[in-house]
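Step one of this worksheet: look at the structure below.
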Amino acid sequence: MKNYDVAVCGGGFAGISAALAAAREGKKVVLFEKEYMLGGLGTAGLITIYLPLCDGYGRQVSFGIAEELLKLSITYGAEDRYPANWLDGIGTRTENDTRYMVQYNAQLCAILLEKRLKENGVDIMYGSYAVDTDTENGRITTLYVQNKSGRIAYPIRTVVDATGDCDIAHFAGVPTETFKQGNKLAAWYYFTNDSGYHLQQLGVVDEPGQTGESLTKRRFSGLDGEEISEMVCLSHERTLKHWLEKRKTDPGAVISTLATIPQIRMTRRIVGEYEMADAEMHTYFEDSVGMVANWKKRGPVYEVPFRTLYNKKVKNLIVAGRCTSVDEDLWEAMRVIPCCAVTGQAAGTAAAMTDDFSALDISALQKKLVANGVVLHEKDIL
Ligand SMILES: Cc1cc2nc3c(=O)[nH]c(=O)nc-3n(C[C@H](O)[C@H](O)[C@H](O)COP(=O)(O)OP(=O)(O)OC[C@H]3O[C@@H](n4cnc5c(N)ncnc54)[C@H](O)[C@@H]3O)c2cc1C
């Protein structure tokens, strides 16, 4: 099989950011994606709201590829929530203004993401499920991928686990944690009616102030094949019920798009060299690789320590996206699209530089990130 410098598993926003970053460092990069489109939950999952890059008080905190992909997603116009104050300088940026976020078209976004990766020389392997690893002396030596050709063994230098579920870390024996509370059912879908094409956000998060009802009392881990299938069927059932109700007052309404991957928020995450807690907002981290905001409330800013992306038990594996090392409270804020792009860019850049993440020269990594538009510390934003 072909030899690559960096193998990225998972083509959601985290994996895409990692692949782009590694390829831009001149490395040979392959991205394995089990579906036949890029974007993960952000496209196939119909989660089309790119949450804020700013803190809600007019300060941008996430930059680099996180901002590049937000802009890319609305190349041909936003579906909704266009932040004119950020993109066109219209109006002011204060606590009462629109945050720097957008709603994009999922299908168009998937095509544009694919084009951007190809322009940067990334090999995309669709329909390719990473199913196992061989490890030797604390390193992954082989990654097994299953696709139409059968089961293929890829020799490995470094792996970025951007599967969202920490699959590769789990196969390789890296310590992981699961989401204790379990996930509520979601059934986001698109419908068309006389006034256009609309996102229906059915199924809420566990947050005070979130509108909408819970679709069922049951919680889901997202890590059991049978349970996931039941969850998807339930979600389809609720979609039908919701649409039948809607049709009574909106006879022109037609269900137009269903998610093709399970809409599950938090499943399994790595236990990294450091576990960041929600209380650590506004904390200076020497090894910060970028910053993220909190979509739930205005104000908090988190620097992301590099140590939350790896565990030295397996030297050549790094994670990105919704499975980094954070506590249960912060997970809800860290799992969203901009944060996945921030950790993706850091992981991909690091993977281009080393095959032993615990031995990486952090200041050299930070220099590269800064050269590529990332701002590392809160003290450096206005
Ligand atoms: C109901 C719901 C509402 C949400 N609302 C928002 C919101 O409004 N805004 C927001 O920003 N975020 C929201 N989120 C969270 C956000 O969508 C995701 O957390 C984020 O998109 C995750 O990106 P990721 O790249 O880490 O993972 P994913 O998007 O899950 O991507 C992982 C990719 O890896 C692939 N994959 C998985 N396992 C393997 C494997 N073993 N081999 C090969 N490929 C594999 C998957 O097919 C997928 O494409 C929501 C999530 C849900 C479920």
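We did not get these values from a lab; they are worked out from the coordinates using the rules stated. Here the structure is a predicted model, which is why all the values come from computation and not from measurement. In this analysis, Cβ positions are derived from the backbone assuming ideal geometry, glycine residues included, and neighbour counts consider all displayed protein chains.
Compared with the direct C-alpha span, the chain from Thr249 to Gln107 gains 48.3 nm at full extension, assuming 0.36 nm per residue.
Summarising the strand pairing of the chain, around 65 percent of its internal DSSP beta bridges are antiparallel. Using a 4.7 Å Cβ-Cβ cutoff, the cysteines of the chain lacking any partner cysteine are Cys9, Cys54, Cys109, Cys233, Cys339, Cys340. Normalised Debye scattering of the range 204-351 at q = 0.12, 0.13, 0.19 Å⁻¹ gives log10 I(q)/I(0) of -0.64, -0.73, -1.16, counting only Cα atoms as equal scatterers and leaving out solvent.
Using the Cβ-Cβ distance between Lys313 and Gln146 with R0 = 30 Å, the FRET efficiency computed as 1/(1 + (r/R0)^6) comes to roughly 0.75.
With neighbours defined as other Cβ atoms within 10 Å of a residue's Cβ, the residues Met125, Met101, Met291 order from fewest to most as Met125, Met101, Met291.
Between Leu31, Leu20, Leu108, the GNM of the chain built on Cα springs shorter than 10 angstrom shows Leu108 fluctuating the most. Straight-distance candidates among the lysines for linking to Lys241, with alpha-carbon spacing under 26 Å and chain neighbours fewer than 8 residues away dropped: Lys184, Lys217.
Normalised by the number of residues in the range 189-257, the mean separation of alpha-carbon contacts (under 8 Å, six or more apart) gives a relative contact order of 44 percent.
Ranked by the mean number of other Cβ atoms within 10 Å of their residues, highest first, the peptides 331-341, 255-265 fall in the order 331-341, 255-265. Residue ranges 149-156, 23-30, 88-95 sort as 23-30, 149-156, 88-95 when ordered by packing (mean number of other C-beta atoms within 10 Å per residue, highest first). Net charge in the neighbourhood of Ile16 (other residues with Cβ under 12 Å of its Cβ; Lys, Arg +1, Asp, Glu -1) is 0. In angstrom, the C-alpha Rg and Dmax of the range 299-382 are 12.7, 39. Proximity of backbone amide H atoms, modeled 1.01 Å from N, is registered between Val102 and Tyr50 at under 5 Å, excluding neighbours fewer than 5 places apart on the same chain. Structural descriptor for the chain: relative contact order 24 percent, calculated from alpha carbon pairs under 8 angstrom and at least 6 residues apart. Here the Gaussian network model covers the chain, with springs between Cα atoms less than 10 Å apart; of Glu177, Glu273, Glu245, Glu245 fluctuates the most. Projected onto their three principal axes, the Cα atoms of the chain cover extents of 63, 51, 39 Å, largest first.
In this simple spin-label model, placing a label point 7 Å from the Cα along the Cα-to-Cβ direction at both Thr178 and Leu234 gives a separation of 1.5 nm. To the nearest µm²/s, what D does Stokes-Einstein give for the range 189-257 at 4 °C and 1.567 mPa s, using the Kirkwood radius over alpha carbon pairs as Rh? Value of D from the Cα-based Kirkwood radius: 95 µm²/s.
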